[in-house]
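The values are calculated or read from the model by the stated rules, or taken from the named source; none is laboratory data. These numbers come from a predicted model, not from an experiment. Virtual Cβ from ideal backbone geometry, glycine too; neighbours counted across all protein chains shown. Note: areas computed on protein heavy atoms with side chains; ligands, DNA, RNA excluded. Shrake-Rupley method; radii C 1.70, N 1.55, O 1.52, S 1.80 Å.
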Amino acid sequence: QVQLVESGGGLVQAGGSLRLSCAASGSRFSINAMGWYRQAPGNKRELIVGITRRGITNYADSVKGRFNNSRDNAKNTVYLQMSSLKPEDTGVYYCNVAEFGRDLHPWGQGTQVTVSS
């Protein structure tokens, strides 16, 4: 059993920045396999930050160049630094296993990001 707790979301204007955090706890897991998903209003949850089997971070085209994933292994925490935010970035952001072919942990509550025009 792994618990995932996302935080750091909020309301920002277009062009602003936010830093999201994802704290993992519970049973054994690999923080290096953790990436990010988001669910825009009315849409399904989509992978925006994936991880390859070699630990390389892959960013969806929609966020590439604006979002940066990092981690603190000692704190079992993954971070998503978001800059140049756009209204289309609005949604609920979740962390979870983002390595292709690996099982996901139970979803956390996510953290809401709202980008105003």
- Taking only pairs six or more apart or across chains, which ones have beta-carbon atoms under 6 Å, a first residue in the range 23-43 that is touching a residue at least 12 places away in the same chain (Cβ under 8 Å), and a second residue that is in a strand (DSSP E or B) and of a type in the set (Lys, Arg)? 31/71; 37/45; 39/45
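For the range 1-101, give me every one of the strands (runs of 3 or more DSSP E) that falls completely inside it and has 2 or more residues that are farther than 18 Å from residue 117 by Cβ and in contact with a strand residue (DSSP E or B) (Cβ under 8 Å, 6 or more places away or on another chain).
Values: elements: 2-7, 10-13, 18-26, 34-39, 45-51, 57-59, 67-72, 77-82, 91-97.
Counting at least 2 such residues, we get 2-7, 18-26, 34-39, 45-51, 57-59, 67-72, 77-82, 91-97.
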- Item | Residue within the range 18-30 that is open to solvent by less than 70 Å² (accessible area, probe 1.4 Å), over 16 Å from residue 107 (Cα atoms) and polar (S, T, N, Q) present | no
- Message: Need the failing condition index for residue 57 against (1) open to solvent by less than 20 Å² (accessible area, probe 1.4 Å); (2) among the β-branched types (Val, Ile, Thr); (3) without any contact (Cβ under 8 Å) to a residue 40 or more places away in the chain, just the number.
- Response: (1)
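Residues are listed down the side, and each one gets a yes or a no for (1) out of contact with any Phe, Trp or Tyr (no Cβ under 6 Å at 6 or more places or on another chain); (2) at pLDDT 95 or above; (3) open to solvent by 80 Å² or more (accessible area, probe 1.4 Å); (4) of a type in the set (A, V, I, L, M, F, W, C):
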residue: 45; (1), (2), (3), (4): no, yes, yes, no
residue: 51; (1), (2), (3), (4): yes, no, no, yes
residue: 82; (1), (2), (3), (4): no, yes, no, yes
residue: 90; (1), (2), (3), (4): yes, yes, no, no
residue: 102; (1), (2), (3), (4): yes, no, yes, no
